[in-house]
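Structure first, commentary second.
The values are calculated or read from the model by the stated rules, or taken from the named source; none is laboratory data. Here the structure is a predicted model, which means the values were calculated and not measured. Ideal geometry is used to build each Cβ from the backbone, glycine not excepted, and the neighbour counts take in all protein chains shown.
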């Protein structure tokens with residue numbers, strides 16, 4: 001249907017049409033210039049922010065150089081151990097990583113760990129290492145994991161867990177320190193960082209604070225829940241499953257307390273002592289006396 005032109009409208013002259021086009025061109029040009037200016041300002045702002053962030057990161061690294069160095073050395077040792085096992089006997093990782101490349105998984109955990117360490121160090125929540133007399137940490141770091149490992153060996157002696165419960169020597173010498181590091185990142189450092197991000201006031205709470213212990217217990221439940229869900233390769237008595245769950249819960253609670261009170265390395269040392277006794281030493285002996 002044809003569109004009717006209003007009666008009072010008059011056709012535009014050539015001059016009017018030219019002026020209209022010029023005005024339109026000027027408006028478009030002005031908008032383009034304004035957009036370009038805004039874009040340039042955005043780029044400059046982004047560059048200043050990026051430079052500022054990089055400067056802050058450099059200052060953070062310089063300030064906490066020893067913390068980053070220790071975490072870096074530990075990460076290198078773990079990556080090298082993973083690389084050796086990936087070449088020599090990659091099947092040891094399959095029950096835990098499935099078809100994923102072990103080296104890629106561990107390197108991902110290392111990158112995540114560096115990011116989380118940067119976060120907790122910048123906020124003053126936790127430390128990789130804090131100097132102090134070892135005597136204060138000896139009881140919880142050595143004696144308690146020894147007791148827990150001995151208890152687990154006694155349960156194994158009575159109930160006889162599946163033969164494939166532990167990775168054998170010499171693979172175990174590289175495997176368990178590596179897996180322990182991954183566990184500390186995924187089950188401790190990551191969830192604790194998330195809790196403290198959501199509730200920053202937790203950092204100011206004393207060690208005996210109820211709120212702090214609620215968080216520690218909540219985080220400590222993650223690994224035993226995962227292990228009980230993962231289960232054993234064969235059926236075991238119910239009481240054994242309950243004991244294993246409580247044992248792993250006690251390990252995690254002790255570690256988280258050490259992390260809160262001392263540092264990451266002290267928490268990791270606790271797990272290394274336990275793994276050495278239960279998985280490596282007893283893991284070798286049990287095959288001779290139980291099977």
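Taking the stated definitions as given, is residue 221 closer than 24 Å to residue 178 by Cα and surrounded by fewer than 18 Cβ atoms within 10 Å (Cβ to Cβ)? Spelling it out, residue 221 is indeed closer than 24 Å to residue 178 by Cα and surrounded by fewer than 18 Cβ atoms within 10 Å (Cβ to Cβ).
When only residues in the range 229-269 that are free of Cβ contacts under 8 Å to residues at least 24 places away in the same chain and surrounded by 14 or more Cβ atoms within 10 Å (Cβ to Cβ) count, which is nearest to residue 186 (Cα to Cα)? Across the range 229-269, the extreme among qualifying residues is 245. Among the residues making up the range 224-262, a single one is under 19 Å from the mean Cα position of the chain (by Cα) and outside any helix (DSSP H, G or I): 262.
Just to be sure, is residue 270 within 30 Å of residue 135 (Cβ to Cβ), in the same structural domain as residue 163 (by TED's automatic domain parsing) and out of contact with any strand residue (DSSP E or B) (no Cβ under 8 Å at 6 or more places or on another chain)?
yes
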